[in-house]
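Contents: one structure, followed by commentary.
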Amino acid sequence: MNPSTLRETHTLSRSPEEARSLQGDAAQGSEPIPSQSHASPSANPEQGNIGGNGTNGYSDGDRAHETIAARRAVDETTSLLRRPFEIVNDPAHTGPCNHGTFSPQVESPAASIVEQVGSPPAGYGDDGGDSSSSLISGILSKMGIDGQRKKISTTSRLAEEHGITNTTSMYISYYIPFLAWIPQYRWVHLQGDLTAAITVASFYLPMALSYASNLAHVPPINGLYSFVFNPLIYAILGSCPQMVVGPEAAGSLLVGSVVKTSVDKGATGEDDDIMHARVAGVVTGMAGAAIFIAGLTRLGFLDNVLSRPFLRGFISAIGFVIIVDQLIPEMGLTDLADQLDVSHGSSVDKLGFLFTNAGHAHRVTCAVAGVSFVIIMICRELKNRLQPRFPKVAYIPDRFLVVVLSAILTWQLRWDKYGLEILGEVKSASGNPFPFHWPFQWAHLKHIREAMGTSFLIALLGFFESSVAAKSLAGQDRKDGIKGIELSANRELVALGVANLVGSCFRAIPAFGGYGRSKVNANTGGKTPMSSVFLSIITVICVVYLLPAFYYLPKAVLSSMITVVAWSLIEEAPHDIAFFIQIRGYTELGLMLIIFASTIFYSLTLGIAIGVGLSLLSVIRHSTRPRIQILGRIPGTNKFENAEVNPDKLEFIEGCLIVKIPEPLTFANTGDLKNRLRRLELYGTTHAHPALPRVRSPEHNKNIIFDIHGVTELDGSGTQVLEEIVRGYRDRGVRIFFSRCPPDGTHVYELMRRSGILDVVGGPSHFVDDVGEALRLTETEHTGSGYEDWTDDGT
C-alpha cells in the first residue's frame, strides 16, 4: 500500500535507527523488545507477557509472526516511516495509564509495565474494599462449589504489610470519635473549653429563644432544647472537634412556614402551643432521618447538589423575609397584623401593611428595638475591626449584656405596663421540663406529608452550612487540640442526623453546625468537643433553674437580635452579585433573581421548589452531555489537542477522524453520543447547528481513532451504546482503533471484550498505546470493503 502524499506530510514517522532495529529483530525471528513504536502489553494484550499465555485465541507464535510481519511491512512499504524526523518525549508517568489527562501522548512506554511494576501479591484486590463476590464465593465453597478466590481489602493488605494490628476497636473509634478524643483529654483543655462554652451560651441561648418564638412559632423553650441534646450527640459522633451545633435562622423560619401552613389548613389552632411543638418535632425528625439515611448511604457529596447562585439567592431571600417579619413585632403591630390576617401573607403583603399602618406603631417598642439593634450592630462592627489586634474582645458577650440590661430595665421601669411585650413565663407546654414524644406516629401522618419537602431542604441547607463550617475549622492549626480525627462528610451526616433525631423526640427545632457560632467557640478557647458537652450542661441548668430570669425579656430585643442575623445573611449578596457581573455570569444572576423574587412575592415553598428544581436540572444537563472532542496535531510535534479551540493552528490527518472521549461512559452521558459523533463526522465540531449542510468530506472518516484515556468507568448502558456505534462504523467499512484503553484485566477492558467490541474492531491489535501508533496502523492495514457514507441517511 502506497500512502498518499498528503498523509505523508501529516503522519508521524519512525527514526531510521528504530527501523533498522526492527529489521534486525525480524531477521533473528525472536520476540522483539517493546519500544516506543509499538504497544505495550497494558494496551495491546496480544503482545503482552502476563502469565505467559496468549489471549483471545492468539498464540505467542502467531503474535510474534504478526508483529514481525507488520513491522517489515511498515519498514518496506511506508515511505514516511523512513523519514528522520522524530520527536520523543518522556512519558508522563510510569505504570498503567487509567486516568484522564487532556493531551494524549504519541509515545508508548519504553518497556513492559508488568516488567517495571511487577504483579501484585496473590489474593489481593485492587478495588479498595472487600468485594461482595467474596461472600458468594464462601457460600459456594461450603456447598461444594468452587467460587472465586477470596480478595483481601486494601486496608487489610496495608495493615499486614506494615505490621499494624487490624482490630475492630480501630474501626469503632473511627465511627464513634468520642472514643478517639476522650483518651487524649487533659486538664489543660478544661479552662478553654469551659470558657468557650460559657461565652457561646451567653451569645446564643437568647438567640435560641428568639428563633423558637419569633421564627419557628413554637414555645421559646423548644429553642433551648436544641442546645441541650444536639451538641451532646454531636460531641460523641461528630468529626469536627471545634464545631458547635445549634438552631439557625433559615431552618427555624422554614419550621415556622410548616407551622403556619398547618394553622391555615385547620390542622392546628393559632394558639395551640402543644401542637405547634409537635409539628416542629415532626419537621426536625424528618430532617434528621433524611440526613441520617444520606450518611448511611454515603451521600456526603449532597452539599454540591445545590448551586452557589441558588444558595445565595435563597439565603438572601430568607434574610429579607426575616427582616420584614421582625419589623412587625419591632414596631408593636403584632395584634393589628393578626386582626388583618397579614401574619401569614407574603413579604410584599407585609411591606404594604407596614407602610399603611406605620402611624400606629408603638413608640416604646420601636425605641427599645431600635436602640438594641444599633448597639448590637456597633458592637459587632467594633469586634470585627479590633479582633485582629486584640483577640480577647471576642470574649465580650455584647448580646448577652443587651439581653440582661433590657430585662432589668423593663423590670425596674415597668415598661410592660406601657405596652411593651415581654417574653413572659418560659416553660414546657406539657409541664415536664424534658418531655419525650416520638415524632413518627400515625396521628402525625398529615403533618409528615406537609413537611416532607421542607424537611428535606432544611436537611440540605443545614448540612451545607455545617460542611462549610467544618471545612473552615478543619483547615486551622490545632495546637494543643485533638489529634487523629479526620473530617468525613458521611460521618458528619450520620452525626447531624442522629442529633436531630434525638432532638425531635423532645420537640427541639432543627440544629446544625454554624460557622459564626463555631468560630466564637474556637476563638474563645474551645479546643475539643468537651466545649459542646459543657454547653449542653449549661443549657440544662438554664432550663431547670434560670427560666424565670427571662420573664421580663422584651420580645422587641429578641426581634432586633434576629434582625442582626438576617442582615448578615444579606450582606454577602452584593459581593456575589458584583462577581457574577464581572465574569458576565448572567445565567447565575438570573437564577438568583428568580429565586429571590419568587420567595419575596409568593412564598418560601415556591422559592424552594423553583430553586431545587433548577439546580437539579442544571446538574442533570451537565452530567448527561457528552464532552467528546475532535483532535488535531500541533505542527512540528507529535502532540494532539482539541481542534475546536484553535482549529487554524492544528494539522488534520487525511482520512482520519480522531475523537477524544475524556470522561467515563455511563447511561447518563451516552444517550446523545451518537448524535454528537455524527456532527463531528459532518462538521468537525459538536457546536454546529444540524441544519447546516455537510462541510466535512466523507473521505476524512475512513479511519476513526477513539482516544479513551479518560474512560475510567464504563457501565452496561454505555457499553451497549459504544458497541452499537462501533458495529455501525464497521458495517460501513470504517476502520476503528482505540488509543490508550485501560489495560487488560481492568473492568473497562473486560466489558469491551465481553460485549464483542474487541472482535468487531479487528482484535487486540486495534487497541494501541497512543494516537501516533494508531495512525501508523491506518497506513499499513487495509480492509476488503470500501468506505460507505451513511451519515446523510435519515437525517
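For every residue, the table says whether it meets (1) closer than 30 Å to residue 176 by Cα; (2) touching a residue at least 60 places away in the same chain (Cβ under 8 Å); (3) not small (Gly, Ala, Ser).
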{"position": "222", "(1), (2), (3)": "yes, yes, yes"}
{"position": "239", "(1), (2), (3)": "yes, yes, no"}
{"position": "246", "(1), (2), (3)": "yes, yes, no"}
{"position": "260", "(1), (2), (3)": "no, yes, yes"}
{"position": "265", "(1), (2), (3)": "no, yes, yes"}
{"position": "271", "(1), (2), (3)": "no, no, yes"}
{"position": "274", "(1), (2), (3)": "no, yes, yes"}
Looking only at residues that are within 16 Å of residue 519 (Cα to Cα) and at pLDDT 85 or above in the stretch 382-392, which one is surrounded by the fewest Cβ atoms within 10 Å (Cβ to Cβ)? 388
Do you know which of the residues in the stretch 196-212 that are modelled with pLDDT of 90 or more and among the β-branched types (Val, Ile, Thr) is surrounded by the most Cβ atoms within 10 Å (Cβ to Cβ)? 200
Has the stretch 689-706 got any residue that is within 30 Å of residue 616 (Cβ to Cβ) and at pLDDT below 90? yes
Filter the stretch 418-432 for residues that are surrounded by 13 or more Cβ atoms within 10 Å (Cβ to Cβ) and modelled with pLDDT under 85; which is farthest from residue 282 (Cα to Cα)? 427
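Based on this model, can you work out whether residue 496 counts as closer than 20 Å to residue 179 by Cα, surrounded by fewer than 18 Cβ atoms within 10 Å (Cβ to Cβ), modelled with pLDDT of 80 or more and under 18 Å from the mean Cα position of the chain (by Cα)?
Values: closer than 20 Å to residue 179 by Cα: yes; surrounded by fewer than 18 Cβ atoms within 10 Å (Cβ to Cβ): no; modelled with pLDDT of 80 or more: yes; under 18 Å from the mean Cα position of the chain (by Cα): yes.
Against the criterion (closer than 20 Å to residue 179 by Cα, surrounded by fewer than 18 Cβ atoms within 10 Å (Cβ to Cβ), modelled with pLDDT of 80 or more and under 18 Å from the mean Cα position of the chain (by Cα)), residue 496 does not qualify.
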State whether one or more residues within the stretch 139-157 are part of a helix (DSSP H, G or I), at pLDDT below 50 and surrounded by 14 or more Cβ atoms within 10 Å (Cβ to Cβ). yes
Does residue 458 qualify as being assigned to a helix (DSSP H, G or I), among the aliphatic types (A, V, I, L, M) and either at pLDDT 85 or above or buried (at least 20 other Cβ atoms within 10 Å of the Cβ) (or both)? yes
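Output the residue which, of all residues in the stretch 603-637 that are in a helix (DSSP H, G or I) and among the polar types (S, T, N, Q), is nearest to residue 709 (Cα to Cα). Lay out the reasoning, then the answer.
Quick first cut of the stretch 603-637, residues in a helix (DSSP H, G or I) only: 604-623.
Filter once more, so that each one left must be among the polar types (S, T, N, Q): 605, 615, 618, 623.
Values: 605: 45, 615: 30, 618: 26, 623: 19 Å.
Of everything passing the filter in the stretch 603-637, 623 is nearest to residue 709 (Cα to Cα).
If you check 472, 466, which single one turns out to be surrounded by 18 or more Cβ atoms within 10 Å (Cβ to Cβ) and either among the hydroxyl-bearing types (Ser, Thr, Tyr) or part of a loop (DSSP other than H, G, I, E, B) (or both)? Explain how you work it out, then say what you get.
Values: 472 fails: surrounded by 18 or more Cβ atoms within 10 Å (Cβ to Cβ).
On inspection, the qualifying residue turns out to be 466.
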For the stretch 644-671, how many residues are exposed (fewer than 13 other Cβ atoms within 10 Å of the Cβ) and among the charged types (D, E, K, R)? 2
Looking at (1) closer than 30 Å to residue 488 by Cβ; (2) in contact with a Ser or Thr (Cβ under 7 Å, 6 or more places away or on another chain); (3) modelled with pLDDT under 90, which is the only condition residue 312 fails? (2)
Out of all the residues in the stretch 394-404, is one or more at pLDDT 90 or above, surrounded by 16 or more Cβ atoms within 10 Å (Cβ to Cβ), closer than 21 Å to residue 216 by Cβ and touching a helix residue (DSSP H, G or I) at 6+ places or on another chain (Cβ under 9 Å)? yes
How many residues does the stretch 523-574 contain that are over 30 Å from residue 177 (Cα atoms) and in a helix (DSSP H, G or I)? 24
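Out of all the residues in the stretch 661-675, which are more than 25 Å from residue 770 (Cβ to Cβ) and among the hydroxyl-bearing types (Ser, Thr, Tyr)? Reasoning before the result, please.
Looking only at the stretch 661-675, we keep the residues that are more than 25 Å from residue 770 (Cβ to Cβ), and these are 666-668, 671-672, 674-675.
666, the sole residue that qualifies.
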Checking residue 253 against (1) touching a residue at least 12 places away in the same chain (Cβ under 8 Å); (2) surrounded by fewer than 24 Cβ atoms within 10 Å (Cβ to Cβ); (3) more than 29 Å from the chain's Cα centre (by Cα); (4) farther than 19 Å from residue 535 by Cα, which single condition isn't satisfied? (3)
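I want to confirm something. Restricting to the stretch 354-405 and keeping residues that are of a type in the set (S, T, N, Q) and not in a helix (DSSP H, G or I), which single residue is nearest to residue 199 (Cα to Cα)? Before you say what the answer is, go through the steps one by one.
First pass over the stretch 354-405, keeping only residues of a type in the set (S, T, N, Q): 356-357, 365, 372, 384, 387.
Of the ones still in play, those that are also not in a helix (DSSP H, G or I) are 357, 387.
Working: 357: 40, 387: 16 Å.
Among those residues, the one meeting the criterion is 387.
In the stretch 349-376, which residues are exposed (fewer than 13 other Cβ atoms within 10 Å of the Cβ) and in contact with a strand residue (DSSP E or B) (Cβ under 7 Å, 6 or more places away or on another chain)? Break it down into steps so the answer makes sense when it comes.
Residues of the stretch 349-376 exposed (fewer than 13 other Cβ atoms within 10 Å of the Cβ): 355-356, 358-360, 363, 374.
The answer is none; no residue qualifies.
If I filter the stretch 424-443 for residues that are at positive phi and not assigned by TED's automatic domain parsing to the domain that holds residue 252, do I get at least one hit? Spell out the reasoning first.
First, the residues of the stretch 424-443 that are at positive phi: 424, 431.
Imposing the further condition that a residue be not assigned by TED's automatic domain parsing to the domain that holds residue 252 reduces the set to 424, 431.
Checking the stretch 424-443: at least one residue is at positive phi and not assigned by TED's automatic domain parsing to the domain that holds residue 252.
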Pick from the stretch 292-330, criterion over 30 Å from residue 353 (Cα atoms) and of a type in the set (D, E, K, R), ranking: nearest to the chain's Cα centre (by Cα): 303
If you scan the stretch 294-336, which residues turn out to be surrounded by fewer than 23 Cβ atoms within 10 Å (Cβ to Cβ), of a type in the set (Asp, Glu) and farther than 16 Å from residue 619 by Cβ? 325, 335
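The values are calculated or read from the model by the stated rules, or taken from the named source; none is laboratory data. The structure displayed is predicted, hence computed values, not measured ones. Counting neighbours? That spans all protein chains shown, and the Cβs are built from the backbone with ideal geometry, glycine included.
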